[in-house]
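Beneath this line is the structure, given in structure tokens, with notes to follow.
The values are calculated or read from the model by the stated rules, or taken from the named source; none is laboratory data. What you see is a predicted model, and the numbers here were worked out from it, not measured in a lab. Using ideal geometry, Cβ is built from the backbone for each residue, glycine included, and neighbour counts are taken over all protein chains shown. To get the accessible areas, we keep the full protein, side chains included, count just its heavy atoms, and leave off ligands, DNA and RNA. Shrake-Rupley method; radii C 1.70, N 1.55, O 1.52, S 1.80 Å.
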Amino acid sequence: MNRIRTILVTLALGALLVPAAGATEQVIDAKQLDLSDHAGKVVVVDFWASWCPPCRAAMPFLSAMQAKYGEHGLVTLAVTVDQDPKAPNKMIAQLDPGIIVVRDHEGLLATKHKIRSLPTALIIDREGKVVESHTGFQDSEKAPREAELR
């Protein structure tokens, strides 16, 4: 009986360590981010927080765009500004695996890019220039934003 219990506990603990299906595979600290690593690609830098309703609404759209255009050179950086490192974990687990999550708990990147409200998305072209900036998110914006990415 103890052996069966040990096996069940081991399996349960192992399941906790496996990333959720669809969970992003890349999570880095803001201090590790170097945009030049993505030179020649279209980059979406999306600043968000788990407590922000429009941010939560934007995440499925960002995941869909990454899944659709990632192989064509799209890189999505989802920059969480949550101060509590555990707060965004549930949302992170639901992101497309190709999205890179950047933990900006100290607000270093948000301050550098003068982010004043959430969500804010910056679109950087293949030459490394910010060509668009969007604040907020509504379903009615999906088609025009996808057109920008194409």
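Miscellaneous remarks
- Pairs of Cα atoms nearer than 8 Å and 6+ residues apart set the relative contact order; for segment 97-150 it is 22 percent.
- Sum of side-chain charges, residue 43 neighbourhood, beta-carbon under 12 Å (Lys, Arg +1; Asp, Glu -1): -3
- Amide H contacts under 5 Å for residue 50: 82, restricted to partners 5 or more places along the chain or on a different chain, H placed in the peptide plane at 1.01 Å from N.
- Protection proxy ranking for 31-37, 50-56, using the average of other Cβ atoms within 10 Å per residue and placing the highest first: 50-56, 31-37.
- Charged side chains reduced to their Cβ positions (Lys and Arg at +1, Asp and Glu at -1) give segment 75-150 a dipole of some 120 debye around its Cα centre.
- Relative to the current alpha-carbon distance between residue 108 and residue 125, full extension at 0.36 nm per residue lengthens the span by 3.9 nm.
- The mean sequence distance of close C-alpha pairs (under 8 Å, at least 6 residues apart), as a share of the length of segment 54-119, puts its relative contact order at 39 percent.
- 3J(HN,Hα) from dihedral phi, segment 57-73, Karplus parametrisation 6.51/-1.76/1.60, rounded to Hz, x for glycine, proline: 5, 6, 4, x, 5, 4, 4, 5, 5, 5, 5, 7, 10, x, 6, 9, x
- Here segment 60-139 exposes an accessible surface that is 51 percent carbon and sulfur, computed with a 1.4 Å probe and the other protein chains kept in place.
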